[in-house]
Amino acid sequence: SGDGATGDGGGNPRTVSASDAEEVDVTTLPIPEQRRRLPVYAARSEVLSAVRENAVVVVVGETGSGKTTQIAQYLYEDGWTAVTAAAGGGGRRRGGGDGTGAAGTAAAAAGDVGPASKQHDHLLIGITQPRRVAAVSVAARVAEEMSTPLGGTVGYAIRFEERTSPGTALKFMTDGILLRESVSDPDLSAYAVVIMDEAHERSLATDVLFGVLRRALAARADLRVIITSATLEAGKFATFFGGAPVLRIPGRSFPVDIFHARTPAGDYVDAAVWQALQVHLQAPLPGDILIFLTGAEDVEVACDELRTRLERLDTAPPAVVLPVYAALPAEAQARIFAPPPPGTRRLIVATNIAETSLTLNGVVYVIDSGYCKLKAHSARLGMDALLLCPTSQSSADQRAGRAGRTAPGKAYRLYTQAAYEDEMLPAAVPEIQRTNLSHVVLLLLSLGVDDVLSFPLLDPPRKEDVAGALWSLWSLRAVSDAGRLTARGRLLSSFPLEPAAAAVLVAAADLGCADEALTVVAMLSVPSVFLRPHGREAPADAARARFAVPDSDHLTLLHVYDRWRAAGGDRGWAADHYLNERGLRKAADVRSQLADVYRAAGLPAGRPASAAAGAMGDPSGRLRRAVAAAYFGNAARVVGRGRYVHMRTGVECGLHPSSALVAAAAVADYVVFHELVWTSREWMSVVSEVEGGWLAEVAPELYEVRTARGVRPLAVGGGRGVVAPPRAAPPAPARVEEAGRGG
Ligand code: ADP
Ligand code: MG
C-alpha cells in the first residue's frame, strides 16, 4: 500500500540543513524571551488599541503565532480585568490602560452597564476552546508563563472539571461551558472580554455562542469580543458582527513541499506507518514527524506498529513514538511539549487535535491520512454516528502547514492530488449543519429563544434538523405541544448532559433507582474504563466478562463501579481487573457533581418507600426501565440470532462485540442502546434488554403493542421532518411484541 507518497509533486525537494532551521531551540530560552519571539508580540499594541476601539475584533494568524497563549495575557497586563468604582451606576467600567480609551467612554455613555445586582471585584477574560484538552493544556502553559499556580490567576473549566478560584482572572474553558453559563447570565456579566478561540472549527457551541455574544453586546457597551481564527473564514465572522475589523498577525512560516500519493492508499494506517518509517530512515535529523490519523484507536494501533517495527530496525536513528488525542491522560499530554532527548526523532501520531488546537514545536515532516472522524447525522440511521470522513481542503492545508513552523518542511499526503481537488470540500460542514440539535435547542429554549430559526447564526441549521430536535425534546416531554419549554425541560436542561442522559436520571427518580442511575450516567460520561492492552487482549476480555451482567451493559457498568468502590481504594485492584483507575476516579467525581445537580433540582434522594416502585420490578428491571424511558428512540428488535434492526428505521445494527449480551446465551427480543458506533458496519454500544411493553408505555407516539405479534413502530423514520407543534403531524409509531411473544 505504501509506494504512494514519494517523488512527484514537489519539484526539487529541499533538504533541511541546520542553517534553514532556527539557530536556537526556543524552548530552551527563558520564558519572557520565548514570549517576545512569538509573531503576535510585534502586534501587541495594535491588538490592544483595536480592542479598546472596537467591541469586536477578529484576529487571524498562523498556528503557533501566539494567539491563544498571549492575547489574554496582553489584555490582563493592560488592565482589562480591573473594575473601577468610579464608573457610573453599574459600579463597573472598563477601558484599556488608563481607562481613557473608547471603551471607557462608551461604557460611561451607556451609564449603567450590566445588571446592577451583580457586583464583581474584578472581571474575567474568558477564552473558549472547542476542545477540552486544548483548554487545559493552554491554561497550564499560560499559568507557567505568568509564574502562578494553575487555578489561581489562570484557571480552566471543562465539563465536570473546574480549576478556578475567586482570584481567577484568565479563564480558559470549552465553548460548551460558556454557553451553559450564558443560560443563567445571558449578558455574560462576569466577563470583560470573551476570546472565542479557534472559531474556524465551527463547533456547535461556538456557532451558538456567536448569537449569544451578539445579544450580549447589544446589552452591554463595555463588553469586548475577540475572535481568533487560523483560516480565512475571518471575513464571515467580521460580517456577522456588523463589519468588525480583521487584524492579521504577520506569519512566520517556512515553505512546505507537498507530495501526493500516486494511487489511493488501501489501509491508511499501514500506509502512514510505512511512510513514517521511510522518512525516519532517510531524512536528516533534527526534524520530528507528525502523522495525522483519525481517532484514539487508530493512533494507538499505529504507535504499536511503529514501536514494533522500529525495534526490528537496528540501523534506525533513535526515535520516540508519541500518541496525541483528546482522551489521553494529562501526563501523556504533557510529554508532547517536552523537548526530546538530543539526537532523537519524535514520531508523533495525532488526531486532528494537532491541526490547530495544539502547537507542537520541531515538526518538519507531516504525514496526512486525509481522514478524520466527525460526529454527523446519518440520514440512513436517523441519528448521529461517528463517521470516518475525508478531511476538507482547508484541514489538509492546515495539516501540511504544521511542517513549516520552525524550518522548511515536507508534507506527504496519502491521497492523490485528484482526490484533494475533486473529492474534498473546501471547508468542513459546520457541526450545526450535521448533528443532532436537541441539546442546543433545549439550551436555546432555556435562554428564552422560542423561535430557534430566528436566532442569529452564522449558518442556519437545516430546518428538518431543528424540527427533529424539537420533536425528540417533545417526546421526552421537555417541550409542550406548542413547542415551549416545559418544567420538565427546564429540569433536564439543568444537568450538564445530553437531554436523554438527563432524562434517565429523572425517570430513575420516579422509579426509585436514582443512586444506580447516577452511577451509570457518570460511567457513560467518562471514556470507557475497560483496558485492552495490545498483546493481552484475551486476559483483558476474560476480566471484563467476569463483570458482565447478562442482560445489560448499563448494569455491567454499575457492577464494575460498585465492585471498585467495595475494593476501597486498593490501588492494585483496578489494574488487576484490567480497569482504568483514573477513569473510575473520574466517574466517581462526575457522579458526585451530578448528584449535587440532582439534589439542587429537588429530585427525591434515596429510595422511595412507595410500594408502587417496588412493584415495578427488581432493581435491575427498574434501572433498565429508566434507561428505556429516555433512550426509547434507540430501540432495536431481534430478527435472528444476534441480529437486530433499529425499530424506527429498519436498519440492521449488531451488538458490539464487547457487549455483555453477546456472551449471554439468552436472546433479548428488544434492546435499547446508548449509542451507535460505526466501523465496518453499525454497532450498538452499551445495550440493555428491555420489555417491548415499556417502549409502548413511555413513547406511545412511537410504539404500539400489537397483541398477536408484539410491539411495532408506528412509522419508519419517525421523528424527522415533523414541524412544531409536534402533535400536528405525529410520526407513525413502531410496534413492540409483547406478552403474546410466543404466539
Ligand atoms: P496559536 O494560538 O497562535 O496557535 P499558541 O499561543 O498556542 O499559538 O502557541 C504559542 C507558542 O507557545 C508555541 O510555540 C507553542 O508551542 C507554545 N506552547 C503552547 N502551549 C504550550 C505548552 N503547553 N507547553 C509548552 N509550550 C506551549
Ligand atoms: Mg491557538
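The values are calculated or read from the model by the stated rules, or taken from the named source; none is laboratory data. Values in this document were obtained by computation on a predicted structure and should not be read as measured data. Positions of Cβ are backbone-derived with ideal geometry, glycine not excepted, and every protein chain shown enters the neighbour counts.
Points worth noting:
- Tally of residues being surrounded by fewer than 24 Cβ atoms within 10 Å (Cβ to Cβ) and either without any contact (Cβ under 8 Å) to a residue 40 or more places away in the chain or within 11 Å of ligand 2 (Cβ to nearest atom) (or both) across the stretch 120-129: 1
- For the stretch 214-240, the set of residues classified as crowded, with 21+ Cβ neighbours inside 10 Å and within 16 Å of ligand 2 (Cβ to nearest atom) consists of Ile226, Ile227, Thr228, Ser229, Ala230, Ala234, Phe237, listed by residue number.
- Scanning the stretch 178-208 for residues that are more than 15 Å from ligand 2 (Cβ to nearest atom), more than 13 Å from Pro430 (Cβ to Cβ) and hydrophobic (A, V, I, L, M, F, W, C) gives Leu178, Leu179, Val183, Leu188, Ala190, Ala192, Val193, Val194.
- Every residue from the stretch 37-56 that is hydrophobic (A, V, I, L, M, F, W, C) and more than 16 Å from ligand 2 (Cβ to nearest atom): Ala42, Leu48, Ala50, Val51, Ala55, Val56
- Hits in the stretch 544-579 - residues which are in contact with a Ser or Thr (Cβ under 8 Å, 6 or more places away or on another chain) and buried (at least 18 other Cβ atoms within 10 Å of the Cβ): Arg544, Phe547, Ala548, Val549, Asp551, Ser552, Asp553, His554, Leu555, Leu557, Leu558, Tyr561
- Test: residue in the stretch 332-341 that is aliphatic (A, V, I, L, M), modelled with pLDDT of 90 or more and touching a strand residue (DSSP E or B) at 6+ places or on another chain (Cβ under 9 Å): no
- Contact map, the stretch 62-81: first residue part of a loop (DSSP other than H, G, I, E, B), second residue of a type in the set (Val, Ile, Thr) and more than 10 Å from ligand 1 (Cβ to nearest atom), Cβ cut-off under 8 Å, separation 6 or more or different chains; pairs are Trp80/Val51; Trp80/Ile125; Trp80/Val193; Thr81/Ile125.
- Condition broken by Gly243, with the remaining ones in (1) in contact (Cβ under 8 Å) with a residue 12 or more places away in the chain; (2) over 22 Å from Pro323 (Cα atoms) satisfied: (1)
- Whether a residue is without any contact (Cβ under 8 Å) to a residue 40 or more places away in the chain and of a type in the set (Asp, Glu) was assessed, and Asp459 does not pass this test.
- Residue match in the stretch 242-260 (condition: farther than 30 Å from Ala400 by Cβ, surrounded by 24 or more Cβ atoms within 10 Å (Cβ to Cβ) and more than 16 Å from ligand 2 (Cβ to nearest atom)): no
- If you go through the stretch 226-242 and keep only what is under 24 Å from the mean Cα position of the chain (by Cα) and not in a strand (DSSP E or B), you end up with Ala230, Thr231, Leu232, Glu233, Ala234, Lys236, Phe237.
- Residue count for the stretch 272-285 under the criterion of being aliphatic (A, V, I, L, M) and at pLDDT 95 or above: the result is 5.
- The one condition in (1) crowded, with 19+ Cβ neighbours inside 10 Å; (2) in contact (Cβ under 8 Å) with a residue 40 or more places away in the chain that Leu473 fails to fulfil: (2)
- Total residues in the stretch 341-375, condition crowded, with 18+ Cβ neighbours inside 10 Å, part of a strand (DSSP E or B) and away from ligand 2 (no atom under 16 Å from the Cβ): 14
- Across the stretch 634-681, the number of residues qualifying as farther than 26 Å from Leu476 by Cβ, assigned to a strand (DSSP E or B) and under 27 Å from the mean Cα position of the chain (by Cα) comes to 1.
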